[in-house]
Amino acid sequence: MTPPELLLASLGNLCGILRSPISESAPSPARGLRIRTTAEKVQAPARLDNIRVELEYPETFDVRKRAGVLSAVHKCLIHNTLLHSPRITVDVQVRLPAAA
């Protein structure tokens, strides 16, 4: 996988690991849920844009489960990191040759 594909996969994976709002140890309410993430590659500067997360609910999901999944998506660490640009620091170090 390429780094952009990994980014989209990590965003899409959030629904696959959801826990029940009732109990952290309860089985995932996302059984049968299908997630697809897509994005466009744009320039100036080169980046992903128009990121899209598509959720396909099974017909067994009632309104409460659907709302719970959508709420969890909006609380996701990766989702919120992408929405609120993080500060990124790049440190450059020069490795000096070892003393002889």
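A few notes on this one:
- Of the residues making up the stretch 15-54, those that are surrounded by 11 or more Cβ atoms within 10 Å (Cβ to Cβ), modelled with pLDDT of 90 or more and among the polar types (S, T, N, Q) are 37, 38.
- Residue match in the stretch 50-68 (condition: assigned to a loop (DSSP other than H, G, I, E, B), out of contact with any Leu (no Cβ under 6 Å at 6 or more places or on another chain) and charged (D, E, K, R)): yes
- Among the residues of the stretch 47-98, those that are free of Cβ contacts under 8 Å to residues at least 24 places away in the same chain and in contact with a strand residue (DSSP E or B) (Cβ under 9 Å, 6 or more places away or on another chain) comprise 47, 49, 50, 52, 54, 56, 66, 70.
- Filter result for residue 78 (in a strand (DSSP E or B), of a type outside the set (Asp, Glu) and surrounded by 14 or more Cβ atoms within 10 Å (Cβ to Cβ)): no
The values are calculated or read from the model by the stated rules, or taken from the named source; none is laboratory data. All figures in this text were calculated on a predicted structure; none of them were measured in a lab. Every residue, glycine as well, gets a Cβ built from its backbone with ideal geometry; the counts of neighbours run over all protein chains shown.
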